[in-house]
1. I need the Debye-formula profile for segment 91-221: one equal scatterer per C-alpha, no solvent, reported as log10 I(q)/I(0) at q = 0.16, 0.17 1/Å, two decimals.
2. Give the average over all directions of the projected area of the C-alpha convex hull of segment 1-122, one decimal, in nm².
3. Using a 1.4 angstrom probe on heavy atoms only, work out the carbon and sulfur share of the accessible area of the chain in %.
4. For ARG13 and ASN187 in the same chain, what is the full-extension length gain: residue separation times 0.36 nm, less their Cα-Cα distance, in nm?
5. How large are Rg and Dmax for the chain when only the alpha carbon atoms are used, in Å?
6. Give the average over all directions of the projected area of the C-alpha convex hull of segment 64-154, one decimal, in nm².
7. Report the gain in length on full extension from LYS139 to VAL219: 0.36 nm times residue separation, minus Cα-Cα distance, nm rounded to one decimal.
8. Any of LYS26/LYS206; LYS46/LYS206; LYS46/LYS143; LYS139/LYS205 with alpha carbons more than 31 Å apart? Name them for me.
Amino acid sequence: MSEKYTGTAEDRRYTSEAVDVNYNVKRCIHAAECVSRLHEVFDLNKRPWIQPGNGPADLVVGVVSQCPSGALHTERSDGGAEGPLPDENVIIVHENSYYQFSGDIETQGSNVAIDQEIRAVMCRCGLSSNKPFYDNSHKKGFKAPASVIDVDRGKTAETGGKLLVMVHENGSIEVIGNFELRDLQGNTIHRGSSTWLCRCGHSSKKPFCDGSHRRVGFVAP
């Protein structure tokens, strides 16, 4: 089978004999992990820019599993294993920027429904044009620390199992399931089984919601 690209403008599929790579354009945050880790397959100067047949299928799957946004996924046709499911649910709060989710994730919302995902990057500034996902809009001047002063480590040490991420219309992100909230340096901000995260960008106790979305008239599906 020759390399080829099919799909819509937003969802693209690049095929080879052993493994296909699916790419969602709008979810990509241009972290360039794929390009830096496996340039033979991911090369922005080539057309198509993803050529999965140029590398071993196991290596392609491994590199795709490092994509932080979940814009890339693989489907194998050679009988090989897909990337492993993370054994813990972690949300990293990036200072002045976004939420980075990893784990066994199910996302529900008025404009998004994903039964199973292992990676996602979501907006916390309220400015993204691709809500609930992130699109670099924080660069317009959003300022927010990674954590509040009082660190709450929660009541449970468990971080595995299913994590439900509910994106509430005109409101916050509700997280249900065992997880750990961390800053980019790996410090624990919160550990528990439920919380509400601000996505309007106006909370006085970021990254947690304080109801400010109602006060400022935040509108987002």
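1. -0.73, -0.83
2. 8.3 nm²
3. Summing carbon and sulfur atoms, their accessible area is 48 percent of the total for the chain.
4. 58.9 nm
5. Cα only, the chain: 18.1, 57 Å (Rg, Dmax).
6. Approximately 7.6 nm², given one-decimal rounding.
7. In short, 26.8 nm is gained.
8. From the list (LYS26/LYS206; LYS46/LYS206; LYS46/LYS143; LYS139/LYS205), the Cα-Cα distance tops 31 Å for LYS46/LYS206; LYS46/LYS143.
The values are calculated or read from the model by the stated rules, or taken from the named source; none is laboratory data. Given the structure is predicted, the values throughout are model-derived calculations rather than measurements. Here the Cβ is made from the backbone with ideal geometry for all residues, glycine too, and neighbour counts use every protein chain on show. Heavy atoms of the whole protein, side chains included, go into the accessibility calculation; ligands, DNA and RNA do not. Shrake-Rupley method; radii C 1.70, N 1.55, O 1.52, S 1.80 Å.
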